[in-house]
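Working notes for the structure below.
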Amino acid sequence: MKYIKFFILFGLLASFSANALLEVNIIKSKEDSFPIVIAPFEMIGNFKEDSDIAKIIRKNLNMSGQFDAKSTNQLTTGPIDFDFYLKHKKDAIVLGKIRQISSNVNHAEIYIYDVLTQKPLYRNKIAFTNGALRKTAHALSDVIYYALLGQKGSFNTKLSFVTVNEEKNGKRKYRLVISDWDGKNQQVIIGSDDPILSPAWSADQRKIAYVSFKNNRSDVFVKYVFQNTNPIKLPKFDGIASSPTWHPDGKSLALTLSKDGNKDIYLYNFDSKKLKRLTTNIAIDTEANFSPDGKSIAFTSNRTGQVQIYIKNLKSGKISRATFEGRYNAKPVFSPDGKDLALIHRVGKDYRLALLDIASRDLTVLTQNKSDESPYFSPNGGMIIYSTNRDNKGILSIISLHNYQTVELMQKEGEVREPSWSNYSN
Amino acid sequence: MSKKILLLSSVIFLSSCATTSISELGDKFLDLINPSDAPAEVTDLSEEVFVAYDDSAGFTFEELEVLSNDELIEIAKEKGLEDLLKIDADGNLQNRDEIINALLEAEALLDNATQELQSLSNDALIERAEEKGMDSVIVSGELKTLSNDELIEIAKEKGMEDTLILDADGNLQNRDEVIKALTDNLIILDEDGNIQNKDEVIEALREGAEETKLAALLLENAGITSTLYFSYDDSEIDEVATRIIIQHANFMQSNPSFNLRLEGHADERGTREYNLALGENRALNVKEVLGLYNLEDRIVVVSYGEEQPILTGSNEEAWEKNRRVEFSYY
């Protein structure tokens, strides 16, 4: 477990931030989480930006639900007092240094020690340019997560979501925003006076497909996230075009169209510019989502008169019903291992986030909320982000599937909704 | 005051074509396909009266008051207020004061629309015009300075070949007309993205705004509701809804210049994308009934799902108001 990995992270130069930052609020307990200490990092050199890198790492690990990461009140420069940490029931301690190498390049070093054996578990060095400090903190968080749990973290990832704010003139302003997974480092990708819905990242995280009403109808657009180019509109279809979702290969997009009279799911291929119809039922078929292997889609349909979730095997063409509990199950998304679906399940008058084990059909309701929507898994499958209502305001919520700890992300003014989680960053 | 007068006259007109149809309301609407009671023929006086006026300038009460009845009839027809005219068997105008008031009211609506459009920024105006389906073209310099071939190319590219008159060698014969047609129908931008034909674009938009507001006024005064409500997760058209749809069918048949946009909406419960689909189903079902009157070609259907609630709030009262289809004429 002892090796040094060396890679370099570059900061994004042009980043323009949204007018309202998300506030992060961890609610619920720290049950069944890994007690560790992340000491403040030793800073060697001159650093202009807010550079409490240890604080960002601690927050990341705590937000995941897997860790209870605490700080120490002073730098640890001499020998580590393992007995002190043992007495306070800490299992591991993380130390770190940031060293300025040149005017633009810095090194981050971390060392992880096992408190019980008093032995080093892991060390790692990352070089990063000025401006990439936050990204470095996320990368180091992934490193610690992997070193201590043997699983990939989801910290070096991005979110996309939609904010809705009332402007001074009384009009609503909709913004498609991307941010780091913790809601920080926000950039507005699209601003509009008309509703924006269903942003979805492509697997390579270069594109976001979304629905816009800017032409007074629902149209699907694709925006190259990190390019200053106009969004690309898909060809105009009669009726609604909505609910875009990427095939894992990134070359085609499944979407809901009503051009042939009823709402069905189609696959649009960007190379051939051709459409392939995936469902033909006269009922509403919508909210498609690809399994991670791209071989099947889960979708919402009211074909039996109830709103339920179905899975279509794209090779055999066979469609099977996935949900049997309750009268309303909608908006399915596959877990990264393809075994589960996150979905919205109606309980009485409430719409709640639930997790379905596809094989056993076991359904677990995960919240006590009134109106959950738009679930999406973190790329490691350890968390689900979704939107919900708090005091009549739309907020985002991230639930840990490890211990059901919940983290809320909200704007001071206005709503946040329609979250989607990117794959791992390169 | 003027609204009251409008109310009276349009109710009489509209109810005359709506009542019998409703009483025959059968299970298949078959009786409704050809409503027999079309509006009474209005004597065509256009050959006898010609009224010249500056269309862009407004009327004042003083100007209208001095006009003859026949002149007022003519202006009312041109302004789309024909439905409000009450003319006796001899062709005499029976409701002169009402018509003057209606004209002034229509004028006020128009002025509001124009003022609003004038106040828009360059970019906001372009956006509005594009929303209304106007196409844009970027031209270096002015249209007048372009060669005939360049004009022909633009017209072809923008689907306006019909305006071109070419001789056997393909030379443009009607340069001035083509320039005017392009100016009236396209957003002409310079290389910096500024509108060159602001007046024409505003005029084009104003006409659309005028129709929408006029239709809303006529419907309101006739007591015809422009909103249908639905049950939870339901898009069925019940009897109450059918009656309202029939009133709109009659209204559309009597007002052939209006086109209809049906906007389907849902309440906030359930997922956004499913609700978008549900809203469209509601609007499509309304369109299906109107289709029995052969009105499909004048109808577009859109859905906003749960994105544009009338009432915000998570309670039954708000949900009831938000599950709806709105009739919007243009």
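Where a number appears in this text, it was derived from the coordinates with a stated rule and is not lab data. The model shown is predicted, which means the values in this text are computed figures rather than measured ones. Ideal geometry is used to build each Cβ from the backbone, glycine not excepted, and the neighbour counts take in all protein chains shown.
Calculate how steeply helix A:53-63 sits against the longest principal axis of the alpha-carbon atoms of chain A, using the helix alpha-carbon long axis, and give the answer as 0 to 90 degrees to the nearest 10.
Helix A:53-63 and the main axis of chain A meet at about 50 degrees.
Tabulate in residue order the Karplus-calculated ³J(HN,Hα) for the range B:173-187, using 6.51 cos²θ - 1.76 cosθ + 1.60 with θ = phi - 60°, rounded to whole Hz; enter x for Gly and Pro.
9, 10, 3, 4, 5, 5, 4, 5, 4, 5, 5, 6, 10, 10, 8
Which pairs, out of A:Lys276/B:Lys287; B:Lys132/B:Lys198; A:Lys276/B:Lys158, put more than 21 Å between their alpha-carbon atoms?
A:Lys276/B:Lys287; A:Lys276/B:Lys158
Work through the residues other than B:Val325 whose Cβ is under 11 Å from its Cβ and net out their charges, Lys, Arg +1 and Asp, Glu -1.
+2
With +1 on the Cβ of every Lys and Arg and -1 on the Cβ of every Asp and Glu, and nothing else charged, how large is the dipole of the range A:75-234 about its Cα centre, in debye rounded to the nearest 20?
340
Could you order the peptides B:283-290, B:81-88, A:274-281 from most to least packed, using the average number of other C-beta atoms within 10 Å per residue?
Listed from highest to lowest mean packing, they are B:283-290, B:81-88, A:274-281.
Which whole-angstrom value gives the distance between the alpha carbon centres of the range A:339-410 and the range B:215-249?
Taking the Cα centre of the range B:215-249 as reference, the centre of the range A:339-410 is 38 Å away.
Can you pull out the GluC sites (Glu not before Pro) in the range A:103-169 whose DSSP state is coil and whose Cβ has at most 11 other Cβ atoms within 10 Å?
Within the range A:103-169, the qualifying GluC sites (Glu not before Pro) (loop, at most 11 other Cβ atoms within 10 Å) are A:Glu167.
Please go through the range A:162-222 and write out the trypsin sites (Lys or Arg not before Pro) that DSSP classes as loop and that have at most 12 other C-beta atoms within 10 Å.
Sites meeting the loop and neighbour criteria: A:Lys168, A:Lys171.
Among the listed pairs A:Lys55/A:Lys251; A:Lys90/A:Lys393; A:Lys70/A:Lys331; A:Lys173/A:Lys223, which are separated by more than 30 Å between their Cα atoms?
A:Lys55/A:Lys251; A:Lys90/A:Lys393; A:Lys70/A:Lys331
Can you list which of the trypsin sites (Lys or Arg not before Pro) found in the range A:375-426 are DSSP loop residues with at most 15 other C-beta atoms within 10 Å?
Passing sites in the range A:375-426 are A:Lys412.
Mind checking the dipole of the protein assembly as shown: about its Cα centre, +1 per Lys or Arg Cβ, -1 per Asp or Glu Cβ, Debye to the nearest 20?
7020
Using θ = phi - 60° and the Karplus curve 6.51 cos²θ - 1.76 cosθ + 1.60, what whole-Hz ³J(HN,Hα) does each residue of the range B:80-91 get, with Gly and Pro shown as x?
Residue by residue, the range B:80-91 yields x, 9, 3, 4, 8, 5, 10, 10, 7, 4, 8, x Hz.
Tell me which of A:Gly78, B:Tyr229, A:Gly183 sits at the most positive position along the dipole axis of the protein assembly as shown, charges placed on C-beta atoms (Lys, Arg +1; Asp, Glu -1).
A:Gly78
Specify the angular offset, from 0 to 90 degrees and rounded to the nearest 10, of the alpha carbon long axis of helix A:133-149 from the longest principal axis of the alpha carbons in chain A.
90
Once the piece of chain linking A:Gln151 and A:Asp271 is laid out straight, how much longer is it, given 0.36 nm per residue of separation minus the C-alpha distance between them?
39.6 nm
If I take all pairs of Cα atoms in the range B:185-235, what percentage of them are more than 12 Å from each other?
74
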